[in-house]
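S.K.: Dropping the structure in here first, questions after.
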Amino acid sequence: VQLVESGGGLVQAGGSLRLSCVASGSTSSIKIMGWYRQAPGNERDLVASITSGGGSTTYADSVKGRFTISRDNAKNTMSLQMNSLKPGDTGDYYCHAITQIDVQGTLLTSHHWGQGTQVTVSS
C-alpha cells in the first residue's frame, strides 16, 4: 500500500486546513487509517484514526471538537478537516494505514506511512 498526503501549508491561528491521503495498491487489505503528527523534537503522536468502514473514530484529546477524520473507500481517500487551528498543531502530519492479509491461515499485519505534509500555524 502506498500513501500520498496533500493539503498542508501555513495558516494563521483560528484558521482551517484540510489534509487528504490517497491510498493505492492493495487497498482492500486496509483495516485502519489514521493521521499522526510530529512536532520538531517530539515523537510522532496519533491525532485521529478511523476504521475501514468508517464506523469508528478516535481522536487525541487535544484535537477533539476541532478536527474531523473521514474516509471515502470508493476513492481510497482519507481526509482530516482541521478547524480552529492553534500554534500547537504545528508539525509534520503523516498518513498511516494498517493492513492485514491472510497468509496460509495466519494474519499478517503491516504498517504503512506516507511521506508527510507540513502544517504550520502562526500566532
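S.K.: Provide the gained length on full extension for the span residue 68 to residue 84, in nm with one decimal, where the gain is 0.36 nm per separating residue minus the Cα-Cα distance.
M.R.: Gain in length upon complete extension: 4.6 nm.
S.K.: Mind giving me the nanometre distance, one decimal, between the label points for residue 46 and residue 107, set 7 Å out from Cα along Cα→Cβ?
M.R.: 1.5
S.K.: With a 1.4 Å probe and all protein chains left in place, how much accessible area per residue does the chain have, in Å²?
M.R.: Accessible surface, normalised per residue, equals 53 Å².
S.K.: Determine which lysines satisfy two conditions relative to residue 86: a Cα distance under 23 Å, and not lying fewer than 8 residues away in the same chain.
M.R.: Reachable lysines: 64.
S.K.: Using a cut-off of 22 Å between alpha-carbon atoms, which lysines can reach residue 75, once sequence neighbours fewer than 8 places away in the same chain are excluded?
M.R.: Correct list for residue 75: 31.
S.K.: While we're on this one: Work out the P(r) tail for the stretch 1-84: percent of alpha carbon pairs separated by more than 16 Å, whole number.
M.R.: For the stretch 1-84, the share of Cα pairs beyond 16 Å comes to 54 percent.
S.K.: Roughly what % of DSSP beta bridges within the chain run antiparallel, to the nearest 5?
M.R.: Taking every DSSP beta bridge within the chain, about 90 percent pair in antiparallel fashion.
S.K.: Oh, and also: Remind me, relative contact order of the stretch 81-123 in percent, using alpha carbon pairs under 8 angstrom and six or more residues apart?
M.R.: Relative contact order, the stretch 81-123: 49 percent.
S.K.: Given a cut-off of under 8 Å on Cα pairs at least six residues apart, what relative contact order in percent is computed for the chain?
M.R.: 35
The values are calculated or read from the model by the stated rules, or taken from the named source; none is laboratory data. Everything quoted here is computed from the prediction, not taken from an experiment. All Cβ positions, even for glycine, are placed from backbone atoms using ideal geometry, and neighbour counts span all protein chains on display. These accessible areas exclude ligands, DNA and RNA; they are computed on the full protein's heavy atoms, side chains included. Shrake-Rupley method; radii C 1.70, N 1.55, O 1.52, S 1.80 Å.
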